[in-house]
Amino acid sequence: MKVLVTGGAGYIGSHTALSLLASGHEVVLLDNLRRGHRKAAEIVVNIAGSRGAFVEADVGDANAVAAALTDHGVEAVIHFAALAYVGESVELPLQYWRANLAGSLGLLEAMDRCGVSRLVASSTCSTYGCPDAEFIPIAESCRQDPVNPYGESKLAVERMVRAHAAMKTRSGTPFAFALLRYFNVAGCDPQGRLGEDHEPETHLVPSAILAALGRRPPLQVFGRDWDTHDGTCVRDYVHVTDLAEAHIAVLEKLNPSSPMVFNIGTGRGDSVLEVIKACERATGRTVPCVDAPRRAGDPGLLIADARKIAAELGWRARFSSMDETCSHAAQWFTANPRGYR
Ligand code: UDP
């Protein structure tokens with residue numbers, strides 16, 4: 001299948017493009033390069049040969065996206081392009097609403113215009129907010145009640161996709177979609193071809209590894225007074241290559257008569273302190289840390305119930321240990337001290 005990957009020069013988009021290629025698909029990467037990396041796109045396009053192309057454009061620019069869809073004969077879209085930092089979304093809510101909502105709107109308008117009717121869209125566990133303990137691990141049926149602008153904007157995107165698909169199906173031109181709610185994504189391509197390079201970098205695993213390697217100040221531990229086993233926040237960290245493979249499994253099963261909504265996680269939780277220990281084992285160094293207040297917008301505990309996608313599509317995380325995830329990340333950061341620069 002020929003697949004447009006929005007945000008294709010970004011962390012998850014580029015890894016997913018590699019998995020698409022490995023599964024025999026063709027990729028067209030679309031990215032405005034504001035947060036994505038030209039180098040990541042080049043690496044993917046080089047590996048792809050005649051099965052890959054890169055288009056520099058903003059996903060919210062419906063005309064540019066429509067041109068990419070028709071020029072390349074795209075059959076399906078995997079939509080990653082978005083802003084995705086919880087903390088930043090609290091500081092810059094309007095930028096989050098614009099990037100995430102207007103971006104997805106431009107994409108849907110372009111797909112509509114070009115008759116492309118297959119979409120896998122990224123969403124997030126942040127749409128669940130802070131579920132009560134009885135709802136953890138979190139199933140797809142859990143009430144969505146986000147507590148930060150990032151989660152709010154992604155929930156709005158979910159609703160927009162659903163409404164568009166319902167209208168298309170009513171009007172006799174069925175639209176097949178899947179919404180994938182990611183938990184925390186970490187790690188790098190096990191073969192070391194691609195990595196994680198954000199500016200600013202706020203995610204825990206890369207921040208801890210970079211602190212261990214002496215390439216950034218000590219890691220701030222955001223709160224030690226959470227209601228968790230060691231007082232630090234607990235998250236479900238899924239390896240980026242596992243996440244990428246979940247997209248392929250979903251893409252190949254898209255069906256207009258049965259929209260898919262899946263959590264993507266491992267079903268296992270690791271605390272901030274446990275992740276720090278895994279990063280220390282992966283780098284062979286100490287992660288320098290300082291205690292810091294809770295970060296605005298952070299829930300204390302998020303763990304996926306990922307049994308639905310396992311039961312329906314047979315997908316489950318292959319790289320199930322935090323040690324493996326952190327060691328792939330540490331290898332890439334060690335081999336690429338300046339990231340993609
Ligand atoms: N975290 C931390 N220090 C950091 C970055 C993150 O203590 O420098 C914590 C954060 O409070 C959260 C967890 O690590 O509980 C994962 O944060 P990340 O930003 O990686 O992902 P998020 O859960 O916000 O999507």
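The values are calculated or read from the model by the stated rules, or taken from the named source; none is laboratory data. Just so you know, these numbers come straight off a predicted model, no measurement behind them. So basically every Cβ, Gly included, is an ideal-geometry build from the backbone, and we count neighbours across all protein chains shown.
Quick check on the stretch 74-90: of everything there that is farther than 15 Å from ARG34 by Cα and in contact with a Phe, Trp or Tyr (Cβ under 9 Å, 6 or more places away or on another chain), which residue is nearest to the ligand (Cβ to nearest atom)?
VAL86
Hey, could you check the stretch 296-313 for residues that are over 19 Å from VAL185 (Cβ atoms) and either in a strand (DSSP E or B) or at pLDDT below 95 (or both) and say which is nearest to the ligand (Cβ to nearest atom)?
Only one residue tops the list, namely GLY300.
Quick test for you: out of VAL157, VAL161, pick the one residue that is of a type in the set (Val, Ile, Thr), in contact with a strand residue (DSSP E or B) (Cβ under 8 Å, 6 or more places away or on another chain) and farther than 21 Å from LYS308 by Cα.
Just one listed residue meets the conditions, VAL157.
Could you list all residues from the stretch 183-200 that are more than 9 Å from the ligand (Cβ to nearest atom), in contact with a Gly (Cβ under 9 Å, 6 or more places away or on another chain) and either modelled with pLDDT of 95 or more or of a type in the set (Asp, Glu) (or both)?
Listed by number, the residues that qualify are CYS188, ASP189, GLY195, GLU196, ASP197, GLU199.
If we keep just the residues of the stretch 211-220 that are near the ligand (Cβ under 10 Å from one of its atoms) and crowded, with 20+ Cβ neighbours inside 10 Å, which is nearest to ASN336 (Cα to Cα)?
Out of the qualifying residues, it is ALA211.
Exactly one of these conditions fails for THR241: (1) more than 30 Å from ARG34 (Cβ to Cβ); (2) more than 16 Å from the ligand (Cβ to nearest atom). Give me its number.
Condition not satisfied by THR241: (1).
Do you know which of the residues in the stretch 3-34 that are of a type in the set (Ser, Thr, Tyr) and within 16 Å of the chain's Cα centre (by Cα) is farthest from HIS198 (Cα to Cα)?
It comes out as SER19.
Can you tell me which residue in the stretch 18-44 is surrounded by the most Cβ atoms within 10 Å (Cβ to Cβ), limited to those that are touching a residue at least 40 places away in the same chain (Cβ under 8 Å) and of a type in the set (A, V, I, L, M, F, W, C)?
By that ranking, first place goes to LEU30.
Any chance the stretch 234-245 includes a residue that's within 20 Å of VAL147 (Cα to Cα) and surrounded by fewer than 20 Cβ atoms within 10 Å (Cβ to Cβ)?
No: the stretch 234-245 contains no residue that is within 20 Å of VAL147 (Cα to Cα) and surrounded by fewer than 20 Cβ atoms within 10 Å (Cβ to Cβ).
Matching residues to (1) buried (at least 17 other Cβ atoms within 10 Å of the Cβ); (2) within 13 Å of the ligand (Cβ to nearest atom):
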residue	(1), (2)
VAL250	yes, no
ASN255	no, no
MET260	yes, no
VAL272	yes, yes
THR283	yes, no
CYS289	no, yes
ARG294	no, yes
GLU324	no, no
GLN331	yes, no
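Anything in the stretch 275-289 that is without any contact (Cβ under 8 Å) to a residue 60 or more places away in the chain and small (Gly, Ala, Ser)? List them, or say none.
Within the stretch 275-289, ALA278, GLY284 meet the criteria.
Take ALA17 and tell me if it is under 16 Å from GLU75 (Cβ atoms), assigned to a helix (DSSP H, G or I) and not charged (D, E, K, R).
Considered against the rule, which asks whether it is under 16 Å from GLU75 (Cβ atoms), assigned to a helix (DSSP H, G or I) and not charged (D, E, K, R), ALA17 comes out as yes.
Any chance the stretch 227-238 includes a residue that's among the basic types (Lys, Arg), within 13 Å of the ligand (Cβ to nearest atom) and closer than 21 Å to THR127 by Cβ?
Yes, that holds for at least one residue.
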